Amino acid sequence: MISAYDALVGFSSLGIRILGYVFLRWIPGHPFPPLIIALFATYAGLTLGGISQSVVKSRQRHARDPGSARENAVRPGPLRSTTSKDGGSSRILRTMLSGIPHSSCRAASTITILVNILISVMVVDLTWSPTWFYPSHDLAFARLGFVSHDSVKILVREPQSAVPSVAMSYRLLPDVLPDDPSRGWTLVETTTSLNVANDFTAAFTINSLLPDTSYQYNTTNQFSGTFKTGPAPGQYPSNSDSFTFLHSSCIVPNFPYVPFRHHLSFPGFAYLSELLPSLNAKFMLFLGDFIYVDVPRRFGNDRETYRREYRQVYASPDWPSVSSPSTLNTSLPWIHVYDDHEIANDWDKNETGVYPSAADPFTHYQASVNPPVVRPNVSYFSFTQGPASFFLMDTRRYRTPFDGTDGKWTNESLPLDERKSMLGPQQRDDFLVWLSRKEPAGVKWKIVVSSIPFTKNWRFGSEDTWAGYLGERQVLLQSMWTSSRDNGYGVIVLSGDRHEFAATKFPPPRTGEDQDMWPEDVAVHEFSASPLSMFYLPVRTYRQEDDEDVMLKYLPDGNSKFGAVSIGRDGGVDYKLYIDGKQAWEYRVELPKRGAERSWKFW
């Protein structure tokens, strides 16, 4: 019968190994590190105590029988000599698997103890090393933000006191209009506002640019890069038959964990970097969870804690490969919205608590070079480029807190501004105005960017998604169908958050009093893709249960997922999903018939 000592040692050892594997390879959740460390402390204490007790007993036995001690010195390992070969093999196997050391299996005992030590060290390494060794206070870099058809926004960080100011200049690339006298360097502006208040960042804007044209920028702190302006609204890139952009969300460094890999490395960036030359993408739409302030552990609630997380991403050795890759002749602009992990998990507390600390670095590092806000002092954005108009929602700051319901608007007497809402009254009104707005000729699609899934088919944690706000969702869907019916625009929703991929179709109702209000081809399509570099779980949580949210494709596996959206000159959208560096799925969405007819008449 197993002793209490062996039971405790075996339990703590198995706990270290099972939880360690889950933490290092499946999900780096914040409850795991303290549990694993507590288990290791228990294991180490019991093991050391057992070894000490064994040594004491051995000495006492040898003191009572000196002859036995001399015999043991000549013939070591007396227990081995009395153990059969098969019994010894099984004991070695039990020792290796259970983690329980045994005096007759010294080599196996040493190895099994080392295994538990190594697992615990790796857990500590993944959890604390980035914070200990990479505060990244000295990070200096420049990156592209929003690039329109006639302007560009560029973020610069320079913390060195020896550089009190930074100036930016730009010019046409030398091979563009080589005989044009205006292709020399033009000074944009000089900033002296780099200080601790903005974490030594500055946002530069260059205006009055030519559409679909390549430029070069240069800063006085030795950063330079190239960019290409987008096509004018309603137009296409001059060198392509399609307008392409990317989307994804969710990144955590060095996960799944690999020993000796750089602590700030993002494996998913390598997949993206390899594919960028063939994608010809105009920009990346990053749909939130750019940082995980609470994964694997939260180290504070102050502004500096949040700032450090952003600095670490931009300090990653892999960041240049997806922002200014050497394989491209231009840099890739990144456009951002935030989600919960930039604040706290499943955030629904508006602007209270840690929100001001979380909003500070997002404002400086992301929003300052984002597309224009819809109105002053809000955190949702809109822009039009090429054949598409975009609305980037804020699904965290304005939402009604969780109330345990699905958010259906069943009480018609309740004022609209008092009903459960994801967007809040002002953002909802702005969104509906954008949906109904007539766009410049040639614009064919309305692209809705939501950090969390629009579908209700994800059955785990659904209250955090639009599944908990179905009343407002229905209003938005009806407005989307109406925009397609009346104006001919196709509507696509892009989302992330779930660490899985799913494509969902939202057809107009075919029964009931509204069945004749919208034609079938105005159906809205959602593509939800994540993570770009993070975990996925072998648990299936997406399930269709009615005809309102129709599953087109569900692909949950893969640590790196992103989508490429291409709008062709014929008006159709070709969507390609990439998982771990390989194309996994492709789908085409046609423009609503009235939109196609309107485009035909125009052309």
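The values are calculated or read from the model by the stated rules, or taken from the named source; none is laboratory data. The structure displayed is predicted, hence computed values, not measured ones. Counting neighbours? That spans all protein chains shown, and the Cβs are built from the backbone with ideal geometry, glycine included.
Summed over region 22-31, residues that are surrounded by fewer than 21 Cβ atoms within 10 Å (Cβ to Cβ) and in a helix (DSSP H, G or I) total 3. Restricting attention to region 553-566 and to residues that are out of contact with any helix residue (DSSP H, G or I) (no Cβ under 7 Å at 6 or more places or on another chain) and under 20 Å from Trp334 (Cβ atoms), the residue that is surrounded by the fewest Cβ atoms within 10 Å (Cβ to Cβ) turns out to be Ser566. For the residues Leu272, Leu279, the requirement of being under 30 Å from Lys444 (Cα atoms), surrounded by fewer than 21 Cβ atoms within 10 Å (Cβ to Cβ) and of a type outside the set (Val, Ile, Thr) singles out Leu279. For Leu172, the conditions (1) within 33 Å of the chain's Cα centre (by Cα); (2) outside the structural domain of Ala388 (by TED's automatic domain parsing); (3) closer than 26 Å to Pro325 by Cβ are fulfilled apart from (1).
Name the single residue, out of those in region 422-465 being outside any loop (DSSP other than H, G, I, E, B) and touching a residue at least 60 places away in the same chain (Cβ under 8 Å), that is farthest from Arg396 (Cα to Cα). That would be Trp445. Counting the residues of region 210-245 that are over 15 Å from Asn280 (Cβ atoms), surrounded by fewer than 18 Cβ atoms within 10 Å (Cβ to Cβ) and in contact with an Asp or Glu (Cβ under 6 Å, 6 or more places away or on another chain) gives 0. When you check Thr395 against the structure, is it under 24 Å from Val522 (Cβ atoms) and not in a helix (DSSP H, G or I), yes or no? Here the answer is yes, as Thr395 does meet what is asked. Within region 318-359, the residues that satisfy the criterion of being assigned to a helix (DSSP H, G or I) and of a type in the set (A, V, I, L, M) are Val322, Ala358, Ala359.
For every residue, the table says whether it meets (1) acidic (Asp, Glu); (2) touching an Asp or Glu at 6+ places or on another chain (Cβ under 6 Å); (3) crowded, with 20+ Cβ neighbours inside 10 Å.
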| residue | (1), (2), (3) |
| --- | --- |
| Thr363 | no, no, no |
| Asn377 | no, no, no |
| Gly404 | no, no, no |
| Lys420 | no, no, yes |
| Pro425 | no, yes, no |
| Val433 | no, no, no |
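Tell me, which residue of region 446-464 that is touching a Phe, Trp or Tyr at 6+ places or on another chain (Cβ under 6 Å) and surrounded by 18 or more Cβ atoms within 10 Å (Cβ to Cβ) is nearest to Glu418 (Cα to Cα)? Result: Phe454. Taken over region 360-383, the criterion of being in a loop (DSSP other than H, G, I, E, B) and either in contact with a helix residue (DSSP H, G or I) (Cβ under 8 Å, 6 or more places away or on another chain) or of a type in the set (S, T, N, Q) (or both) is satisfied by Gln366, Asn370, Val374, Arg375, Asn377, Val378, Ser379, Tyr380.
Considering each residue of region 118-141, count those that are over 30 Å from Arg303 (Cα atoms) and without any contact (Cβ under 8 Å) to a residue 12 or more places away in the chain, and give that number. Final tally of qualifying residues: 1. Scan region 487-513 for residues that are without any contact (Cβ under 8 Å) to a residue 24 or more places away in the chain and more than 25 Å from Tyr542 (Cβ to Cβ) and the total you get is 2. Screening Ser278 against (1) touching a residue at least 40 places away in the same chain (Cβ under 8 Å); (2) assigned to a helix (DSSP H, G or I) leaves a single unmet condition, (1).
Scan region 442-457 and give yes if some residue there is more than 27 Å from the chain's Cα centre (by Cα) and of a type outside the set (Gly, Ala, Ser), otherwise no. Checked against the condition, which is being more than 27 Å from the chain's Cα centre (by Cα) and of a type outside the set (Gly, Ala, Ser), region 442-457 yields at least one hit.
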